[in-house]
Amino acid sequence: SRVTASSGKNLPVVGGMEKSLRLSAAALLIENVLYHRETAALGRAFRQWSTTTSTLRAVSQHVHVAEVMNRQLQATREKLAKLKSHLKSEQKKRGERNLAKEF
């Protein structure tokens, strides 16, 4: 159907079908924008989680290595203390032997 304008020309009537198509297209466009926004936000969240997880894992491994090194350092200190004690006792024995030889 057509409507006659004041100029006398026939104008197309925006029918329910055309309006419905435009509304559907607009809804689809909005849905796509929201979907891509949600997808981008999910991607950012995943990248942040991944970075945080790998950082925490690296720190955890560094802590473990530091603990192992600390145990090794303690064992080395104990061994050095024993060696020092042994050397002092050997030095005393030698000193006593040298004194005995002098007399």
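The values are calculated or read from the model by the stated rules, or taken from the named source; none is laboratory data. Please read these numbers as outputs of a predicted model, since none were measured by experiment. With ideal geometry, Cβ positions are generated from the backbone for all residues, glycine too; neighbour counts draw on all protein chains shown. Just the protein is used for accessible areas: all its heavy atoms, side chains included, with ligands, DNA and RNA removed. Shrake-Rupley method; radii C 1.70, N 1.55, O 1.52, S 1.80 Å.
Would segment 15-25 turn up any residue that is out of contact with any helix residue (DSSP H, G or I) (no Cβ under 8 Å at 6 or more places or on another chain), surrounded by 10 or more Cβ atoms within 10 Å (Cβ to Cβ) and either at pLDDT 95 or above or not in a helix (DSSP H, G or I) (or both)?
yes
If Thr39 passes every condition in (1) at negative phi; (2) at pLDDT below 95 but one, which one does it miss?
In the conditions (1) at negative phi; (2) at pLDDT below 95, Thr39 misses (2) alone.
Which condition does Lys92 not pass, out of (1) open to solvent by 100 Å² or more (accessible area, probe 1.4 Å); (2) at pLDDT 95 or above, if it passes all the others?
Every listed condition holds for Lys92 apart from (2).
For the structure I just gave you, tell me whether Arg77 is of a type in the set (Lys, Arg) and at pLDDT 95 or above.
So Arg77 passes the test.
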